[in-house]
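Enquirer: Could you have a look at this structure, given as structure tokens, before my questions?
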Amino acid sequence: MTMLNYAKKEIICKIVYYGPGLSGKTTNLKFIYGKMDTQYKGKMIAIATETERTLFFDFLPLDFGKIKGFTTKFQLYTVPGQAIYTNSRKLILKGADGIVFVADSQIDRMDDNKSSLKDMALNLREQGLDIRNIPLVMQWNKRDLPNIVPVEKLEETLNFRKVPTFEGVAHKGIGVMSALKTVIKMVLNKLGG
Amino acid sequence: MFKGSKVLQPEDLNQMNNIIEKLKTQSKCLVVLIVDDSGHLITNTESDPSIDPILLGTLTAGNFGATNELAKLIGEAEFTLVLHEGNKENIHMLAIGDCGILVVIFANTTPIGLIRMYSQKSVTALLPYLEKMQVEKKASKKDLPSDEDLENLFNW
Amino acid sequence: MKLSQIGNKIDPINEILENFLDDAGVTCAILCDMGGEILTTKGDITTLDFTNIAAMAAGSYATTKGIANLLGQSEFSLLFHQGTKNNILISSVENFAIFIILFDANTILGVVKQKSQEMKETLKIIFEEIVKGKGIVIKKAKVFEERDLDKVKPSKKKPKPAKKDEAEKEEAEEKDGSSKKFDFDSLMIDDLDDIF
Ligand SMILES: Nc1nc2c(ncn2[C@@H]2O[C@H](COP(=O)(O)OP(=O)(O)OP(=O)(O)O)[C@@H](O)[C@H]2O)c(=O)[nH]1
Ligand SMILES: [Mg+2]
């Protein structure tokens with residue numbers, strides 16, 4: 001949940017990257033970390049296994065500096081996609097202000113995308129959040145691979161709310177910054193609304 | 001304006017700072033942090049500048065969350081004592097109602113009894129301020145989607 | 001250490017755990033890899049959701065390791081949580097595995113601590129044998145990996161995009177505002193004007 005700190009003149013929001021295992025959530029955060037100017041980013045933490053799978057979460061704090069006297073900060077998290085970490089996913093979603101759902105475009109990952117989306121709906125509900133109105137964008141990742149589902153099909157199957165979507169090739173940064181920027185705008189608009 | 005956000009007023013932050021500074025002096029601990037339930041750092045006592053309090057806040061919040069889940073998994077409502085023993089420093093964590101966490105880092109040589117007693121007192125003193133920040137209650141159950149709503153939503 | 005790497009060494013490991021249960025008088029012990037995947041369990045776990053317990057214990061262990069890093073100490077060797085009836089103790093065998101011990105109020109913490117220290121030493125020897133015998137390289141489970149991020153940093157020289165549409169996409173990205181200097185100020189001021 002957004003924290004508005006009048007003492008430090010600071011706004012802090014939380015954005016969570018959600019999606020099935022290996023869909024590219026951590027890759028998104030790493031790219032953002034690499035892309036951002038030093039003045040805008042803090043240290044990134046990745047709590048990962050020896051095989052680089054996320055074990056608990058990744059964390060990247062962004063600080064956009066003072067705007068109209070208020071320091072605006074966004075803290076980015078990823079959840080671990082693997083099945084055994086269901087409790088961890090629930091924990092990380094707590095107090096989320098906005099979500100980037102990273103889907104894997106590969107044909108044989110469609111079922112995983114669906115169950116991850118459903119899992120997210122249930123976990124959000126458990127945290128008192130509603131998948132029908134939380135700021136949300138979707139990224140169709142891995143568009144560079146051969147056996148992928150057409151975008152129309154992904155839209156039809158997964159984009160139940162007609163939220164903004166982005167075709168992604170996360171390790172090249174395609175669709176990464178635009179997805180982040182859009183979800184940030186949505187969060188700020190909701191706060192202002 | 002700022003729908004659904006938590007609001008922290010300067011005077012409340014001052015009060016909370018006073019409470020944790022006092023805790024630090026009385027219990028002779030090294031660092032105290034207050035982290036909210038979303039993992040955002042609310043405030044911390046002055047400490048070694050090489051320690052990044054935001055990272056420390058995030059890691060302790062994650063750790064506390066995991067610990068609480070563990071408690072539930074073994075059939076405890078919560079752990080009455082959470083203690084991490086290191087080779088130089090120990091960490092003690094306490095829930096502040098369901099609004100946040102108090103994190104106390106102390107040297108191995110400091111008696112745990114002292115830390116526990118003063119931490120507990122501080123939690124009681126801090127609770128009203130954290131509750132006050134929680135301006136908007138979580139969505140009530142009836143506003144959240146039912147199982148049926150979700151089924152209809154995805155329509156698979 | 002993955003289960004697949006342990007092979008027939010699982011028998012001596014099980015024996016060590018069994019002896020430990022007897023000596024320390026604890027309810028059960030779970031051994032899992034650093035990621036929380038179960039290696040073996042001993043004792044009464046019928047009523048326990050031990051898969052989730054191990055996954056959460058691994059998360060808890062990894063975050064304390066991160067905290068230790070931050071504070072400049074090697075690690076928190078022992079995590080102890082006390083409940084009203086059940087207690088839990090989490091520790092690791094170097095970077096090989098994590099063990100989780102559950103016990104109730106009738107068991108003496110000091111004894112559990114001491115016996116688990118002994119168990120740790122014996123398990124360590126076995127794990128080291130496995131590594132030596134099979135030439136397995138154990139990588140540390142990572143918490144801070146900023147240096148690895150260099151790998152994904154966009155290179156100074158832009159590689160030639162393979163396909164035309166990819167080039168267009170990248171161009172679109174740049175117009176989008178993600179060029180070298182990502183100008184969030186101009187992006188946000190418009191939005192923030194409305195807010196403030
Ligand atoms: N071809 C291709 N590979 C990608 C893309 N995005 C990520 N990857 C690769 O996919 C693998 C998994 O990416 P991660 O970012 O670690 O996936 P994750 O979603 O964080 O996975 P978990 O942590 O297990 O939930 C890595 O090897 C990435 O380099 C993409 O757009 N195209
Ligand atoms: Mg990941």
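Enquirer: Quick test for you: out of B:Leu144, B:Leu126, B:Leu94, B:Leu102, pick the one residue that is crowded, with 16+ Cβ neighbours inside 10 Å and either within 9 Å of another protein chain (Cβ to nearest Cβ) or on the phi > 0 side of the Ramachandran plot (or both).
Expert: B:Leu144 is the lone residue from the list that is crowded, with 16+ Cβ neighbours inside 10 Å and either within 9 Å of another protein chain (Cβ to nearest Cβ) or on the phi > 0 side of the Ramachandran plot (or both).
Enquirer: Working carefully through the options C:Gly110, C:Gly25, C:Gly59, find the one that is in contact with a Pro (Cβ under 9 Å, 6 or more places away or on another chain) and open to solvent by less than 50 Å² (accessible area, probe 1.4 Å).
Expert: Values: C:Gly110 fails: in contact with a Pro (Cβ under 9 Å, 6 or more places away or on another chain); C:Gly25 fails: in contact with a Pro (Cβ under 9 Å, 6 or more places away or on another chain).
Within the list C:Gly110, C:Gly25, C:Gly59, the selection yields C:Gly59.
Enquirer: Considering only the range A:48-66, state which residues are within 12 Å of ligand 1 (Cβ to nearest atom) and either within 7 Å of another protein chain (Cβ to nearest Cβ) or at negative phi (or both).
Expert: Residues of the range A:48-66 that are within 12 Å of ligand 1 (Cβ to nearest atom), as a first pass: A:48-49, A:51-58.
Once the filter is applied, which keeps residues that are within 12 Å of ligand 1 (Cβ to nearest atom) and either within 7 Å of another protein chain (Cβ to nearest Cβ) or at negative phi (or both), the range A:48-66 yields A:Ala48, A:Thr49, A:Thr51, A:Arg53, A:Thr54, A:Leu55, A:Phe56, A:Phe57, A:Asp58.
Enquirer: Same structure again: Can you confirm whether the range A:33-47 contains a residue that is closer than 25 Å to B:Asp147 by Cβ, within 16 Å of ligand 2 (Cβ to nearest atom), within 8 Å of another protein chain (Cβ to nearest Cβ) and assigned to a helix (DSSP H, G or I)?
Expert: Of the residues in the range A:33-47, the ones closer than 25 Å to B:Asp147 by Cβ are none.
Looking for residues that are closer than 25 Å to B:Asp147 by Cβ, within 16 Å of ligand 2 (Cβ to nearest atom), within 8 Å of another protein chain (Cβ to nearest Cβ) and assigned to a helix (DSSP H, G or I), one finds none in the range A:33-47, hence no.
Enquirer: All but one of (1) touching a residue at least 60 places away in the same chain (Cβ under 8 Å); (2) within 8 Å of another protein chain (Cβ to nearest Cβ); (3) near ligand 1 (Cβ under 10 Å from one of its atoms) hold for A:Gly168; which doesn't?
Expert: (2)
Enquirer: Oh, and also: With open to solvent by 30 Å² or more (accessible area, probe 1.4 Å) and within 14 Å of chain A (Cβ to nearest Cβ) as the only criterion, which of B:Asn63, B:Asn44 stands out? Give the steps one after another, and end with the answer.
Expert: Working: B:Asn63 fails: open to solvent by 30 Å² or more (accessible area, probe 1.4 Å).
Among B:Asn63, B:Asn44, only B:Asn44 is open to solvent by 30 Å² or more (accessible area, probe 1.4 Å) and within 14 Å of chain A (Cβ to nearest Cβ).
Enquirer: Failed condition for C:Lys9, given (1) surrounded by fewer than 18 Cβ atoms within 10 Å (Cβ to Cβ); (2) of a type outside the set (Phe, Trp, Tyr); (3) within 10 Å of chain A (Cβ to nearest Cβ); (4) farther than 16 Å from A:Ser88 by Cβ, with all others met?
Expert: Status for C:Lys9: all satisfied but (3).
Enquirer: Sticking with this one: Yes or no: the range C:67-80 includes at least one residue that is under 15 Å from C:Met34 (Cα atoms) and at pLDDT 85 or above.
Expert: No, that holds for no residue.
Enquirer: Among the residues that make up the range A:80-87, is at least one of them more than 14 Å from ligand 1 (Cβ to nearest atom), surrounded by fewer than 20 Cβ atoms within 10 Å (Cβ to Cβ) and modelled with pLDDT under 95? Don't jump to the end; show me each part of the working.
Expert: Step one: list which residues in the range A:80-87 are more than 14 Å from ligand 1 (Cβ to nearest atom), which gives A:87.
Those still in the list that are surrounded by fewer than 20 Cβ atoms within 10 Å (Cβ to Cβ) too: none.
Checked against the condition, which is being more than 14 Å from ligand 1 (Cβ to nearest atom), surrounded by fewer than 20 Cβ atoms within 10 Å (Cβ to Cβ) and modelled with pLDDT under 95, the range A:80-87 yields no hits at all.
Enquirer: I've got another one for you. Restricting to the range C:28-37, give me the number of residues that are crowded, with 24+ Cβ neighbours inside 10 Å and in a loop (DSSP other than H, G, I, E, B). Outline the logic, then answer.
Expert: Within the range C:28-37, the first condition is being crowded, with 24+ Cβ neighbours inside 10 Å, and the residues that meet it are C:29-32, C:34-36.
Filter once more, keeping what is in a loop (DSSP other than H, G, I, E, B): C:34-36.
The number of residues fulfilling the criteria is 3.
Enquirer: Additional query: Residue by residue through the range B:69-91, note down the ones that are more than 7 Å from chain C (Cβ to nearest Cβ) and over 18 Å from B:Lys28 (Cβ atoms).
Expert: The initial filter retains those residues of the range B:69-91 that are more than 7 Å from chain C (Cβ to nearest Cβ), namely B:72, B:77-78, B:90.
The answer is B:Lys72, B:Ala77, B:Glu78.
Enquirer: Condition first: assigned to a helix (DSSP H, G or I), without any contact (Cβ under 8 Å) to a residue 60 or more places away in the chain and of a type outside the set (Lys, Arg). Now tell me which residues in the range B:95-116 satisfy that. Even if it seems obvious, please write down each step before you answer.
Expert: Let us first name the residues in the range B:95-116 that are assigned to a helix (DSSP H, G or I), namely B:112-116.
This time we only want the ones that are without any contact (Cβ under 8 Å) to a residue 60 or more places away in the chain, so: B:112-113, B:116.
Those that are assigned to a helix (DSSP H, G or I), without any contact (Cβ under 8 Å) to a residue 60 or more places away in the chain and of a type outside the set (Lys, Arg): B:Ile112, B:Gly113.
Enquirer: Could you tell me which residue of the range A:36-74 is modelled with the lowest pLDDT, considering only residues that are closer than 30 Å to C:Ala54 by Cβ and open to solvent by 10 Å² or more (accessible area, probe 1.4 Å)?
Expert: By that ranking, first place goes to A:Glu50.
Enquirer: Quick one: in the range A:8-32, which of the residues that are over 21 Å from A:Asp119 (Cα atoms) and part of a loop (DSSP other than H, G, I, E, B) is farthest from the other protein chains (Cβ to nearest Cβ)?
Expert: A:Lys9
Enquirer: Quick one: is A:Lys118 open to solvent by 30 Å² or more (accessible area, probe 1.4 Å), within 12 Å of another protein chain (Cβ to nearest Cβ), under 17 Å from the mean Cα position of the chain (by Cα) and more than 20 Å from A:Leu29 (Cβ to Cβ)?
Expert: Working: open to solvent by 30 Å² or more (accessible area, probe 1.4 Å): yes; within 12 Å of another protein chain (Cβ to nearest Cβ): yes; under 17 Å from the mean Cα position of the chain (by Cα): yes; more than 20 Å from A:Leu29 (Cβ to Cβ): yes.
Against the criterion (open to solvent by 30 Å² or more (accessible area, probe 1.4 Å), within 12 Å of another protein chain (Cβ to nearest Cβ), under 17 Å from the mean Cα position of the chain (by Cα) and more than 20 Å from A:Leu29 (Cβ to Cβ)), A:Lys118 qualifies.
The values are calculated or read from the model by the stated rules, or taken from the named source; none is laboratory data. Model, not experiment: these values are computed from the prediction. So basically every Cβ, Gly included, is an ideal-geometry build from the backbone, and we count neighbours across all protein chains shown. Heavy atoms of the whole protein, side chains included, go into the accessibility calculation; ligands, DNA and RNA do not. Shrake-Rupley method; radii C 1.70, N 1.55, O 1.52, S 1.80 Å.
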